[in-house]
Amino acid sequence: MTNGIYHAGLTVRDLERSIDFYRDLLGLEVARRQESSTPYISQLTGLPGTHLKVAYLRAPGDEGAYLELIEYVAPIGQPIDTTPCNPGTGHVCFFVADLDATYARLSAAGVPFTSPPASITAGFHAGSKTVYLRDPDDIVLELFQR
């Protein structure tokens, strides 16, 4: 039985580019970084010769789960179709205090969005607002305002 969430991991093409996006545009803080090609990494991934660069980020003041960004130096992977309806595709949702202002700021910076923010009109989150966007690797992210 699990007893908590430690991190959610996203595989990225260029770790530095992704850190720039998540830190400079979304406001996450880099908690730690590492690079490894130790044998246990190959065992863990099931990929012989695995070499990773990894960064752990989290929201300022949040002592909970991390967002783990992973760049495979070896083996090199291929981009996938991250359309939200495709099985195996996930997304990460971030709380924001002012969705409209965040949307305007990120749009001005060239971040691609699926649509303008949507007001949630039914269900558990009625009265909240949300929007989907894409990171530099076309990974789906969600911003959510309570």
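Values for this structure:
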quantity: Matching residues, region 117-146, being closer than 18 Å to residue 67 by Cβ and in a loop (DSSP other than H, G, I, E, B); calculated: 135, 136, 137, 138, 139
quantity: Filtered residues of region 19-44 (kept if out of contact with any Leu (no Cβ under 9 Å at 6 or more places or on another chain) and surrounded by 13 or more Cβ atoms within 10 Å (Cβ to Cβ)); calculated: 21, 27, 42
quantity: Test: residue in region 80-88 that is under 18 Å from the mean Cα position of the chain (by Cα) and outside any loop (DSSP other than H, G, I, E, B); calculated: no
quantity: Single residue of 28, 67, 52 found to be closer than 19 Å to residue 17 by Cβ and touching a Pro at 6+ places or on another chain (Cβ under 9 Å); calculated: 28
quantity: Members of region 78-93 that are in contact with a Lys or Arg (Cβ under 9 Å, 6 or more places away or on another chain) and open to solvent by less than 50 Å² (accessible area, probe 1.4 Å); calculated: 82
quantity: Number of the exception - residue 65 against (1) under 15 Å from the mean Cα position of the chain (by Cα); (2) over 19 Å from residue 95 (Cβ atoms); (3) small (Gly, Ala, Ser); calculated: (2)
quantity: Matching residues in region 45-74 - criterion: being open to solvent by less than 60 Å² (accessible area, probe 1.4 Å), assigned to a loop (DSSP other than H, G, I, E, B) and touching a Ser or Thr at 6+ places or on another chain (Cβ under 9 Å); calculated: 49, 50
quantity: Number of positions in region 94-145 that are loosely packed, with under 13 Cβ neighbours inside 10 Å and under 25 Å from residue 72 (Cα atoms); calculated: 1
quantity: Among the residues listed as 23, 105, 17, the single one being charged (D, E, K, R), in a helix (DSSP H, G or I) and under 12 Å from the mean Cα position of the chain (by Cα); calculated: 23
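The values are calculated or read from the model by the stated rules, or taken from the named source; none is laboratory data. Just so you know, these numbers come straight off a predicted model, no measurement behind them. For neighbour counting, all protein chains shown are included, and Cβ atoms are generated from backbone atoms with ideal geometry for every residue, glycine included. Accessible surface is based on the protein model in full, side chains and every heavy atom, while ligands, DNA and RNA are left aside. Shrake-Rupley method; radii C 1.70, N 1.55, O 1.52, S 1.80 Å.
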